[in-house]
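Notes follow once the structure below has been shown.
The values are calculated or read from the model by the stated rules, or taken from the named source; none is laboratory data. Computed from a predicted model, the values in this text were never measured in an experiment. Here the Cβ is made from the backbone with ideal geometry for all residues, glycine too, and neighbour counts use every protein chain on show. The area values use the complete protein model at the heavy-atom level, side chains included, leaving out ligands, DNA and RNA. Shrake-Rupley method; radii C 1.70, N 1.55, O 1.52, S 1.80 Å.
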Amino acid sequence: MRLLVIEDEARIAEILRLALQRAGFVVDAVRLCSDAREALALTAYDAAILDLGLPDGDGIKLLGELRSGGNRLPILVLTARDAVEDRVCGLDTGADDYLVKPFAMTELIARTKALLRRRVARSERY
């Protein structure tokens, strides 16, 4: 399974990449909204992990663009924005899951696997 990690903090992106690779995923990482758009246009990903505070734009805006364009890629938001309003906004904008930093890596991996299981289950129904 191939994942796109969209995270601007290099240290966090590298920790995510290594842990997800150890869990059996192929992982690409980008740090900008513009790079994420390009990667998504060029590569078929099974899911994405999206930070909201990116240097060239808001991840919520990127999420909204993807959903309004018909992109149904499973997306887990991973962010420091922890207010209830932020979580509701992320989910209402189209996130499939929302996890607040700091987080347990085991939980992130479990949530990612759950996203992928739901994706497979949906595709088997149709």
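Among DSSP beta bridges lying fully in the chain, give the percent that are antiparallel, nearest 5.
Working: 2 of 18 bridges.
Taking every DSSP beta bridge within the chain, about 10 percent pair in antiparallel fashion.
Could you grab the Rg to Rh ratio for the range 58-126? Cα atoms only, Kirkwood for Rh.
Details: Rg = 12.6 Å, Rh = 12.8 Å.
The Rg/Rh ratio comes out at 0.99.
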Please report, in whole Å, how far the alpha carbons of the range 28-93 spread along each principal axis, starting with the longest.
34, 24, 17
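Determine the share of the range 67-126's accessible area contributed by carbon and sulfur atoms, expressed in whole percent, with a 1.4 angstrom probe. Provide the component values of the computation, followed by the final result.
Working: 1910 of 3610 Å².
Of the solvent-accessible surface of the range 67-126, carbon and sulfur hold 53 percent.
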From DSSP H assignment alone, runs of 4+ in the chain each adding -39500 (n - 2.57), the sum over residues rounded to the nearest 500 puts [θ] at 222 nm at -16000 deg cm²/dmol
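If you count only protein heavy atoms with a 1.4 Å probe, what accessible area per residue comes out for the chain, rounded to a whole Å²? Display every interim value, and only then the final one.
On the way: 6710 Å² over 126 residues.
I get 53 Å² per residue for this part.
Using 0.36 nm per residue of separation minus the Cα-Cα distance, give me the extension gain between Asn71 and Leu18 in nm, one decimal.
On the way: separation 53, 0.36 × 53 = 19.08 nm, distance 2.66 nm.
Extra length from Asn71 to Leu18 when fully extended: 16.4 nm.
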Between Asp28 and Thr106, the two model label points (7 Å from Cα along the beta-carbon direction) sit apart by a distance in nm of 3.2 nm
Run the Debye formula on the Cα coordinates of the chain, all scatterers equal and no solvent, and tell me log10 I(q)/I(0) at q = 0.09, 0.16, 0.21 1/Å.
-0.22, -0.72, -1.34
Taking 0.36 nm per residue of separation between Ala44 and Val88 and subtracting their Cα-Cα distance, the length gained on full extension comes to 13.1 nm
